[in-house]
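Data block below; observations after.
The values are calculated or read from the model by the stated rules, or taken from the named source; none is laboratory data. Since we're looking at a predicted model, the values are computed, not measured. Cβ: placed from backbone, ideal geometry, glycine included. Neighbour counts: every protein chain shown. Note: areas computed on protein heavy atoms with side chains; ligands, DNA, RNA excluded. Shrake-Rupley method; radii C 1.70, N 1.55, O 1.52, S 1.80 Å.
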Amino acid sequence: MEDERYMEEALRQARKAFDLGEVPVGCVIVYKDKIIARGYNCRNHKKTSLGHAEITAIRQACKKIGDWRLEECTMYITLEPCPMCAGAIIQARIPRVVLGAMNPRAGCAGSILNILQEERFNHQVEVTGDILLEECQELLKEFFRRLRKSNKEKKLEAGEAGKGQGRKINFLTRLRQKRYNNHPMFF
């Protein structure tokens, strides 16, 4: 029951990212039954590759506790962490992570790699998954539906505007379409 309550707050953070046009990932960090840090994706908005929900929350939590070690904390994330965030979780010594949805494209808590439980590291993380799975997945699916629709509209507009001049298709747009259009999680 507690896991669901905190994951709801992580989903609220993810909706903030959604509203900014960012991939909707949200995160909260709990210490002694109290949320001490929150984060949501803001890479494009802040123009930094470090604008991940987990990184933002870890920074806030370290500042709040006054230490880089978050040894008595639990992190709640709506989407399985990427390699960078999984590494940051290990470095912060967070003992437990609770996940909403898995990330078959870049997940490092079991989908592609399992950095969080790699026995060769000096710290391993207890992972609990599938908390509010449907809600987390639906938010991601809706985001990617809208992104595909927007990209399709832009492509059509570019085609109309560029008649006679040859159409320019943005490389990143093609890459995103290829990457996300055929993935079951993003339908």
request  = Note down all Cβ pairs under 6 Å where the first residue falls in the range 87-105 and is of a type in the set (A, V, I, L, M, F, W, C), the second is in a strand (DSSP E or B) and surrounded by fewer than 20 Cβ atoms within 10 Å (Cβ to Cβ), and they're at least six residues apart or on different chains.
outcome  = 97/127; 98/128
message = Filter the range 31-41 down to the residues that are among the hydroxyl-bearing types (Ser, Thr, Tyr) and open to solvent by less than 40 Å² (accessible area, probe 1.4 Å) and list them by number.
response = none
task = Filter the range 129-163 for residues that are outside any helix (DSSP H, G or I) and under 16 Å from the mean Cα position of the chain (by Cα) and give the result.
result = 129, 130, 131, 132
ask   = Can you pull out the residues in the range 16-27 that are of a type outside the set (A, V, I, L, M) and either touching a Pro at 6+ places or on another chain (Cβ under 7 Å) or open to solvent by 40 Å² or more (accessible area, probe 1.4 Å) (or both)?
value = 16, 18, 19, 21
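If a residue has to be touching a strand residue (DSSP E or B) at 6+ places or on another chain (Cβ under 8 Å), of a type outside the set (A, V, I, L, M) and over 16 Å from residue 78 (Cβ atoms) to count, how many in the range 111-145 make the cut?
Total meeting the criteria: 2.
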request  = Just give me the residues in the range 19-41 being out of contact with any His (no Cβ under 8 Å at 6 or more places or on another chain), under 18 Å from residue 82 (Cβ atoms) and not in a strand (DSSP E or B), in sequence order.
outcome  = 23, 24
task = Can you tell me which residue within the range 42-71, out of those that are of a type outside the set (A, V, I, L, M), assigned to a loop (DSSP other than H, G, I, E, B) and open to solvent by 30 Å² or more (accessible area, probe 1.4 Å), is farthest from residue 124 (Cα to Cα)?
result = 47
message = Take the residues in the range 104-123 that are open to solvent by less than 20 Å² (accessible area, probe 1.4 Å) and part of a loop (DSSP other than H, G, I, E, B); name whichever of them is nearest to residue 62 (Cα to Cα).
response = 108
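For (1) touching a Phe, Trp or Tyr at 6+ places or on another chain (Cβ under 7 Å); (2) of a type outside the set (Phe, Trp, Tyr); (3) buried (at least 21 other Cβ atoms within 10 Å of the Cβ), each residue gets a yes or a no:
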position	(1), (2), (3)
7	yes, yes, yes
14	yes, yes, yes
29	no, yes, yes
73	yes, yes, yes
78	no, yes, yes
85	no, yes, yes
88	no, yes, no
92	yes, yes, yes
101	no, yes, yes
